[in-house]
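The values are calculated or read from the model by the stated rules, or taken from the named source; none is laboratory data. Predicted model only: the values in this text are computed from it and were never measured. Every residue, glycine among them, receives a Cβ derived from its backbone with ideal geometry; neighbour counts consider all protein chains shown. Heavy atoms of the whole protein, side chains included, go into the accessibility calculation; ligands, DNA and RNA do not. Shrake-Rupley method; radii C 1.70, N 1.55, O 1.52, S 1.80 Å.
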Amino acid sequence: MNCGCAESYIGPPLTDTCGGGAFVIFMGLLDSFLRKKCEISEICQRVAPRLSPDSEYDFVVIGGGSGGAAAAGKLAQVEGWKVLLIEAGGDEPPGSQVPAMVVNYFGNPDLDWNYQTEPEPVACQGFPEKRCTWPRGKVLGGCSVINGMMYTRGTPRDYEKWVQADNPGWSYEDVLPIFKRFEDNQDIGSFVEAKYHGVNGPLTTSRFRHQPQLAFDVLRAAEEIGQNVTDDLNGEKYMGFSIAQSNTRHGVRLSSARAYVRPQRNNPNFHLMLNSTASKILLGSGKRQANMVEFIYKGATYRVRVRKEVVLAAGALNTPQILLLSGIGPKEELEKVGIAQVHNLPGVGRNLQNHVAFYMGYKLENRPATSDLDWATALDYILYQNGPMSSTGLSQVTARINSPYADPSGTDPDLQIFFAGYTANCATGSIGDPEDPEHPLAKKDFTVSPVALHPKSRGYVGLHSSNPLDAPKMVANYLSHPDDVRVLVAGIRVIQQLANTTILRESYGMAPDHEEYGECLSKHRKDTDAFWSCAVKYYTGPENHQACSCKMGPKSDPLAVVDNKLLIHGLNNVRIMDASAMPVLVSGNTHATIVMMAERGVDFIKEKWLEANTIEERLGQDSQRSPGVQAPVKQSASYSFNRGPSFPAAFQHSDAFHRQNPHLPNPYFGYNGKYAGLSVYYNPHSYNQAKHQHKDSDLDYSTKPYSSRRKTDYEQF
């Protein structure tokens, strides 16, 4: 198998994710086959990263995660706009493209920031130092490379809350067309309706190609206890138990990078810097306009000029960190680490929200713990992208329901339920082999988790130091509000009912694991609300939906950081397009909402820069450009434009023509302002490569930035 290009090695391999031992030979061979399977690895469709940046760009996007990859890819579609995407991690490895490997890369320092909260006062009591772990994607594609791929948008009520927080233009009616625009939904007419979903967008969405029988039996069990079952959590019936849709394409994970960035691989105006850590945004003399972005790559510090705007999309933890490092934020937080304040914004890093969960373990006494991955299932996936490897097992099953503490309207569900098990992710290869060779008689594990969707507890993000290579200070304050505990206990009761249904008890022998949860059993009678209230604080499920740390809101809100156009208050050209800008956390997985925010953010940019009539509107009041910095470095010869389709070289685009003929499709704005189709989305412009001239870039770098850097845990991994 040869993909037809000079295949670069992208690690880490799957052998690094399964603990070695008996797994090494099979997982090593599997990893090799996956790399050579072009439809899975897309090894020839990757964007070649730069070895050094040019000196100036129209747009600099910081963070290549769910929002940043989408924003950068969209901006790069506009003819003549030069875009730089800065990503702290590397490219996604072929093994991560397999849905079944959903948890394999958690904790791997090549893809995961390996963040931990500060010691928690109430929750996480059973973990070392009372810290919860927060896996966060440090890779092109961000958390969309390591998440569960579940496609949920939140509920209509979520977006009503955004509008009620004085953010006009973000109602459900406003955002639904955006969701539909970027979807390429494969299940319309079967599981979902065209009223709520779209086609031909970059984000392919469908159910996984494989479901274990237990997934359907969980739905039957839900009906047995009187719960609703729905085919579409993003449609009219957005509450109930469901087999969710996923962000996959042809049985392969579809990250934001795969959907938005790789189509720009031949665009000479799109530049990518990998393994590059943004350190600060520099403002001009008027302190209202960003004119440079600073980042660190291979020990050198670079500064690039920004002609138009900076898009900050580093996530709910790193976005506030970068703002604080730039002197943008509350003065008291900056003074702690010796950073001078350049722009006062008290809300930076405040209002941090995250869903919180609890893990309930069960054994399926009627099912031996044999592996779901062997040579037969591996070949089914390698050849056809079908079978257990094409899904996340039971993790595709979820529920969104009302607890007794939910809003009385019944339209604002406050409880989600996640399931886990039957994942074909690590094996020795032989049919019928045990999942764990050291425990060949073990029974199948089945984990069910209640999740509080509307936590009232609030945390914050701060700084440990002024060193951009240090982790930010992360305080979750999980379960500090008693209502969050009550919702989780209510979820536990629903799960207990589910486990006691006829189909799960008799067919599977579903039985709870017996846990004492530290001192909970000695302090409280088993299975009382007091016992479970203690247990959720001991074995807290931290979830990975951090948000709201740079919230959207009006200037009158002291904690608001961005306005309803995602512009940072008081700055003319810095927008935030990630989960940190959410004013209220949505009721479900966050990836789809983040992509929607990025799509809208680019729409706002186009409104300003493609439709503005005056220089003042485009540049704001502080249009002074900083002087160039000299240190020419020739462009790397490894950066090539040799792959993928494009328009003919003679193609010319006329904005004036399309303004005069709005009934005709415009590849930059879509048909009548709507999405114009997949081919246009991927190839909105042409480039006369014969006329394209490579230019030397002038750079500002030093050889020993932040020499006091401490050695972090992941460097010792």
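Values as computed for the structure displayed
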{"item": "Sequence ranges 532-538, 39-45, 557-563, ranked by mean other-Cβ count within 10 angstrom, highest first", "result": "532-538, 557-563, 39-45"}
{"item": "Pair Leu379, Gln497: separation of 7 Å Cα→Cβ label points (nm)", "result": "4.7 nm"}
{"item": "With 10 Å bins from 0: P(r) over the stretch 410-516, alpha-carbon pairs, percent", "result": "11, 26, 25, 23, 13, 1"}
{"item": "The stretch 333-389: radius of gyration over Cα atoms, expressed as a fraction of 2.2 N^0.38 Å", "result": "2.48"}
{"item": "Apportionment of accessible area to carbon and sulfur, the stretch 235-389, percent (1.4 Å)", "result": "49 percent"}
{"item": "Span from the the stretch 382-398 Cα centroid across to the the stretch 573-603 one, whole angstrom", "result": "28 Å"}
{"item": "Simple Cβ-charge dipole of the chain, Lys/Arg +1 and Asp/Glu -1, about Cα centre, in debye nearest 20", "result": "1740 debye"}
{"item": "Those trypsin sites (Lys or Arg not before Pro) in the stretch 191-256 that DSSP places in a loop and that have at most 15 other beta carbons within 10 Å", "result": "Lys195, Lys237"}
{"item": "Shape parameters for the stretch 41-146, alpha-carbon atoms, Rg then Dmax in Å", "result": "17.0, 55"}
{"item": "Mean residue ellipticity (222 nm) of the chain, computed from DSSP H runs ≥ 4 via -39,500 (n - 2.57), nearest 500", "result": "-6000 deg cm²/dmol"}
{"item": "Phi-based couplings in Hz for the stretch 76-92 (Karplus 6.51, -1.76, 1.60; Gly and Pro marked x)", "result": "5, 6, 7, 4, x, 7, 9, 10, 10, 10, 10, 10, 6, x, x, 7, 6"}
{"item": "Proximal charge balance of Asn104 [Cβ under 13 Å; K/R count +1, D/E count -1]", "result": "-4"}
{"item": "Neighbourhood charge, 13 Å Cβ-Cβ cut-off, centred on Thr590 and excluding it, Lys, Arg +1 and Asp, Glu -1", "result": "-1"}
{"item": "Where GluC sites (Glu not before Pro) fall in DSSP loop in the stretch 342-445, at most 15 other Cβ within 10 Å", "result": "Glu438"}
{"item": "All-pairs alpha carbon distance profile, the stretch 399-439, 10 Å steps from 0, percent", "result": "23, 26, 14, 18, 17, 2"}
{"item": "Length added when fully stretched, Glu332-Asp513, from 0.36 nm per residue minus Cα-Cα", "result": "60.5 nm"}
{"item": "The stretch 439-497: translational diffusion in µm²/s, Stokes-Einstein, Kirkwood Rh over Cα pairs, 4 °C, 1.567 mPa s", "result": "88 µm²/s"}
{"item": "Solvent-accessible area, 1.4 Å probe, carbon plus sulfur percent, for the stretch 40-95", "result": "48 percent"}
{"item": "Computed over the stretch 1-55, the ratio Rg/Rh where both radii use C-alpha atoms and Rh is Kirkwood", "result": "1.11"}
{"item": "Where only C-alpha atoms are counted, convex hull volume of the stretch 440-596 per residue in Å³", "result": "202 Å³"}
{"item": "Ile225/Ala194 FRET efficiency (R0 22 Å; Cβ-Cβ; nearest 0.05)", "result": "0.10"}
{"item": "Interchain or long-range residues, amide H under 5 Å from Thr301's placed H", "result": "Ser702"}
{"item": "Equivalent ellipsoid dimensions for the stretch 301-367 as semi-axes, Å, which come from the Cα gyration tensor, largest first", "result": "39, 18, 11"}
{"item": "Square roots of 5 times each gyration tensor eigenvalue, C-alpha, the stretch 32-93, largest first, Å", "result": "25, 13, 12"}
{"item": "Relative contact order %, the stretch 78-142, counting alpha carbon pairs below 8 Å whose residues are six or more apart", "result": "35 percent"}
{"item": "Residue-span extension gain [Glu173 to Leu29] - 0.36 nm each, minus C-alpha spacing", "result": "46.9 nm"}
{"item": "Partnerless cysteines, meaning none of the other Cys C-beta atoms lie under 4.7 Å away, in the chain", "result": "Cys143, Cys548, Cys550"}
{"item": "The stretch 184-238-the stretch 1-75 distance, computed between alpha-carbon centres (Å)", "result": "30 Å"}
{"item": "Alpha-carbon Rg with Dmax, taken over the stretch 228-339, Å", "result": "20.2, 59"}
{"item": "For the stretch 188-197, Karplus couplings with θ = phi - 60° (6.51, -1.76, 1.60), whole Hz, Gly/Pro x", "result": "5, x, 10, 9, 10, 9, 5, 4, 10, 9"}
{"item": "Label-point gap, in nm, between Thr411 and Ser285 - each point 7 angstrom along Cα→Cβ", "result": "5.4 nm"}
{"item": "For the stretch 378-422: Kirkwood Rh in Å [reciprocal of mean 1/r, alpha carbons]", "result": "12.9 Å"}
{"item": "The stretch 283-396: translational diffusion in µm²/s, Stokes-Einstein, Kirkwood Rh over Cα pairs, 20 °C, 1.002 mPa s", "result": "110 µm²/s"}
{"item": "Using alpha carbons only: equivalent-ellipsoid semi-axes of the stretch 479-563, gyration tensor based, whole Å", "result": "36, 18, 11"}
